[in-house]
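Below is one structure, written out as structure tokens, with a few remarks after it.
The values are calculated or read from the model by the stated rules, or taken from the named source; none is laboratory data. Quantities reported herein were computed from a predicted structural model and do not represent experimental measurements. Neighbour counts run over all protein chains shown; Cβ positions are idealised from the backbone, glycine included.
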Amino acid sequence: MTDRLTRRRFLGAGSAVAAGLALGACNLDRSSKPDRAGEADASWGGELFDPPLEKPPVVLQTVDGDDFDLRADTEGKLSFLFFGYTNCPDQCPLYLTSLGAAMRAINGPGSKAQVLFVGVDTKRDTPDVLKDYVEGIHPTFIGLTGTPEKIAEANDFLKFPSIEIGEPDAEGTYLVGHYGRAVAYTPDNLGHRLYGFDTRSQEFAKDLPRLAEGVYE
Amino acid sequence: MRPHLRPAAALLALVLSTGGGLTACGSDGGDAADGTLRVVEVTVDRPVNPRVTAVRLVIDNGSATADALVAADSPVAEEASLHRSGTDADGRSTMEPVDQVEVAPRSKVTFAPGGLHVMLEDLNEDLEVGDKVPLTFTFTEAGTVSVEGIVTEPGAAAEEHDDHD
């Protein structure tokens with residue numbers, strides 16, 4: 001019981017605790033799932049990627065219009081690289097907010113990860129929109145943009161499925177397809193782990209300190 | 001400090017006092033034993049992009065009638081539509097609009113991250129965690145069902161539904 005309350009508090013937002021308690025009452029008569037109860041501290045979120053990914057040798061632009069070199073500007077740091085779009089209602093907001101919440105909940109180098117979000121829907125993910133979006137999640141998150149070609153170059157270098165911007169319908173709505181996993185680059189400049197949108201903030205919080213030290217499995 | 005007893009007692013009191021909406025969480029399959037279709041555990045993700053957000057819910061069809069959700073509505077948004085997220089054959093995260101969501105008799109359908117959701121677009125209000133959002137769902141058989149969703153931090157609903165499995 002105390003574990004569940006601790007977990008809710010851990011997520012940081014006071015109101016989330018209140019909402020969590022209201023829904024958490026549903027769990028009173030549930031026994032813990034075996035994997036949760038037996039989870040060792042050695043467990044990891046996301047998945048190991050072997051051989052690891054390199055960083056795309058591509059220069060994009062920040063929301064302030066400055067160049068951002070995906071290699072030089074992340075050299076030696078713990079960084080996360082996300083491709084997504086700001087009008088994504090279901091997945092992008094989840095793991096971005098989970099990561100932001102985790103970084104707020106911990107101390108140490110893990111809490112200072114460099115988080116990069118590339119807005120692939122360049123028509124709607126303008127610098128202003130991107131800036132509000134990422135900085136609203138965590139003030140240090142970096143929104144990146146560029147030409148569709150440059151963004152595709154970075155995405156395709158990682159051998160991620162290509163970005164797909166759909167045809168607009170009668171109302172001008174269109175769908176955007178992008179890879180739903182973010183790369184975690186450890187200070188050795190290699191991407192050893194991929195994290196999906198369903199990664200919990202508690203999982204990020206456990207992994208961040210280790211990733212910051214260069215440990216990835 | 002007696003942290004172990006107090007929170008448990010508080011939660012128990014909460015469950016007993018709030019009745020309806022929360023008791024649906026208590027057991028598996030067909031909780032709406034009174035034979036009706038209900039929409040429960042309704043949450044709205046706090047919008048990260050002020051324009052758009054997702055509604056999470058569970059359709060609990062306790063009746064003997066097959067039904068289908070065909071529309072959703074809310075005064076806080078210009079548009080509300082049904083979508084299903086997924087991963088395509090190439091591994092891309094995708095989303096497709098869905099005309100209707102069928103719900104078999106005596107069964108539940110969960111709308112959770114990575115799957116079904118109601119997408120609210122062109123929000124006309126700032127939604128903060130804890131806010132209540134009026135929502136109306138239209139079913140072919142059950143007709144209109146009106147509920148109130150609670151705005152929660154994105155991901156909170158995912159964690160709850162995972163615990164329910």
Problem set entry | Residues located in region B:110-120, provided they are crowded, with 18+ Cβ neighbours inside 10 Å and free of Cβ contacts under 8 Å to residues at least 60 places away in the same chain | B:PHE111, B:ALA112, B:PRO113, B:GLY114, B:LEU116
Problem set entry | Number of the exception - B:ARG106 against (1) at positive phi; (2) facing chain A (nearest Cβ under 7 Å); (3) basic (Lys, Arg) | (2)
Exercise. Of all residues in region B:83-132, which are within 22 Å of A:ILE165 (Cβ to Cβ) and not in a strand (DSSP E or B)?
Worked result: B:ASP88, B:ALA89, B:ASP90, B:GLY91, B:VAL98, B:GLY114
For this session: Test A:ALA212 against the stated conditions and say whether it is crowded, with 23+ Cβ neighbours inside 10 Å and closer than 21 Å to A:ALA72 by Cα.
Result: no
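So how many residues does region B:56-67 have that are within 14 Å of another protein chain (Cβ to nearest Cβ) and in contact with a Pro (Cβ under 9 Å, 6 or more places away or on another chain)?
So the count comes out to 1.
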Problem set entry | Tabulated pairs, region A:135-153, first within 19 Å of A:ASP69 (Cβ to Cβ), second assigned to a helix (DSSP H, G or I) and not hydrophobic (A, V, I, L, M, F, W, C), C-beta under 8 angstrom, 6+ apart or interchain | A:THR140/A:LYS112; A:PHE141/A:GLY100; A:PHE141/A:GLU135; A:GLY143/A:PRO127; A:GLY143/A:LYS131; A:GLY143/A:TYR133; A:GLY143/A:GLU135; A:THR145/A:PRO127
For this session: Give region B:122-137 a look and list any residue that's within 13 Å of chain A (Cβ to nearest Cβ) and either surrounded by fewer than 16 Cβ atoms within 10 Å (Cβ to Cβ) or of a type in the set (A, V, I, L, M) (or both), or say none.
Result: B:ASP122, B:LEU123, B:ASP126, B:LEU127, B:GLU128, B:VAL129, B:LYS132, B:VAL133
For this session: Determine whether region A:176-196 contains at least one residue that is farther than 24 Å from A:PRO52 by Cβ and surrounded by 18 or more Cβ atoms within 10 Å (Cβ to Cβ).
Result: yes
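To keep it simple, each residue is scored yes or no on (1) crowded, with 23+ Cβ neighbours inside 10 Å; (2) away from chain A (no Cβ under 13 Å); (3) among the charged types (D, E, K, R).
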{"position": "B:PRO50", "(1), (2), (3)": "no, no, no"}
{"position": "B:LEU69", "(1), (2), (3)": "yes, yes, no"}
{"position": "B:GLU79", "(1), (2), (3)": "no, no, yes"}
{"position": "B:ASP88", "(1), (2), (3)": "no, no, yes"}
{"position": "B:ARG92", "(1), (2), (3)": "no, no, yes"}
{"position": "B:VAL101", "(1), (2), (3)": "no, yes, no"}
Problem set entry | Pairs with Cβ under 8 Å, 6+ apart, first in region A:158-177 and farther than 20 Å from A:LEU81 by Cβ, second exposed (fewer than 15 other Cβ atoms within 10 Å of the Cβ) | A:TYR174/A:GLY166; A:TYR174/A:GLU167; A:TYR174/A:PRO168; A:LEU175/A:GLY166; A:LEU175/B:GLU96
Seminar exercise, completed: The one condition B:VAL70 fails out of (1) closer than 28 Å to A:ASP128 by Cβ; (2) assigned to a strand (DSSP E or B); (3) at pLDDT 95 or above is (1)
For this session: Looking for whichever is out of contact with any Ser or Thr (no Cβ under 8 Å at 6 or more places or on another chain), more than 11 Å from chain A (Cβ to nearest Cβ) and surrounded by fewer than 19 Cβ atoms within 10 Å (Cβ to Cβ) here; the options are B:GLU96, B:GLU148, B:GLU141. Which one fits?
Result: B:GLU148
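Those residues that are modelled with pLDDT under 95 and not in a loop (DSSP other than H, G, I, E, B), I need them from region A:188-200; list them, please.
A:GLY196
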